[in-house]
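The values are calculated or read from the model by the stated rules, or taken from the named source; none is laboratory data. Because the structure is a prediction, the values reported are computed rather than measured. Here the Cβ positions follow ideal geometry from the backbone for every residue, glycine too, while neighbour counts run over all protein chains shown. Side chains are part of the model used for accessible areas, which takes the heavy atoms of the whole protein and leaves out ligands, DNA and RNA. Shrake-Rupley method; radii C 1.70, N 1.55, O 1.52, S 1.80 Å.
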Amino acid sequence: MKTRSFTIVKPNAVAAGNTGRILDILAAAGFTLRALKMVCFSRNDAYRFYSDHIGKPFFGELVEFMTSGPSVVAIVEREDAVAELRKLVGATDPAKAAEGTIRKLFGESLTRNAIHASDSQEHAVREWSQWFWPGEIMEADYGFTRK
């Protein structure tokens, strides 16, 4: 059964011009885009999105990074979307990510790792709800997935 997940192309990947390449990788892996937009995280946005990490040693650096420039947020769909997206994205630390994963290809460090992928269906819905209204999410398949 097709499910949905949420992803963020982070500021370093956007600034480096890698958004299109990352979206191409997602499409080639069978993901269909259901919603997509460029956003700029405010400090409040970052605090809300990463609220589970408040108080952790890396939190301040993460907030500074996520507010440093535009990001691209997206809802993607395919069979077992959460697990498949996390496999494609790779380990949080690009140095430990498997060859061919997005973080291995485009990540710079543990914080500047190029992309976010939700870790559960529940988190995906909570995360995309911060950026998208229900009417912004495509329900019909308009052929954006590569064949």
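Observations
- Net dipole in debye of the chain [+1 Lys, Arg Cβ; -1 Asp, Glu Cβ; about Cα centre; nearest 20]: 220
- Ignoring the sites themselves, the chain has its longest run without GluC sites (Glu not before Pro) in a DSSP loop having at most 12 other Cβ atoms within 10 Å at 1-98.
- The residues of the chain expose, per residue, 51 Å² of accessible area to a 1.4 Å probe.
- Couplings for segment 78-86, taken from phi via the Karplus curve 6.51 cos²θ - 1.76 cosθ + 1.60 with θ = phi - 60°, read 4, 4, 6, 4, 4, 5, 5, 5, 5 Hz in order; Gly and Pro are left as x.
- Cross-link partners of Lys10 among lysines (Cα-Cα below 16 Å; sequence separation of 8 or more within a chain): Lys37, Lys104
- Under 5 Å from the amide H of Ser118 lie the amide H atoms of Phe6, each residue being 5 or more positions distant or on a separate chain, with H modelled from the backbone and absent for Pro and chain starts.
- Check: segment 1-64 dipole with +1 on Lys, Arg Cβ and -1 on Asp, Glu Cβ, in debye: 280
- Segment 1-88 - percent of accessible surface contributed by carbon and sulfur, probe 1.4 Å: 55
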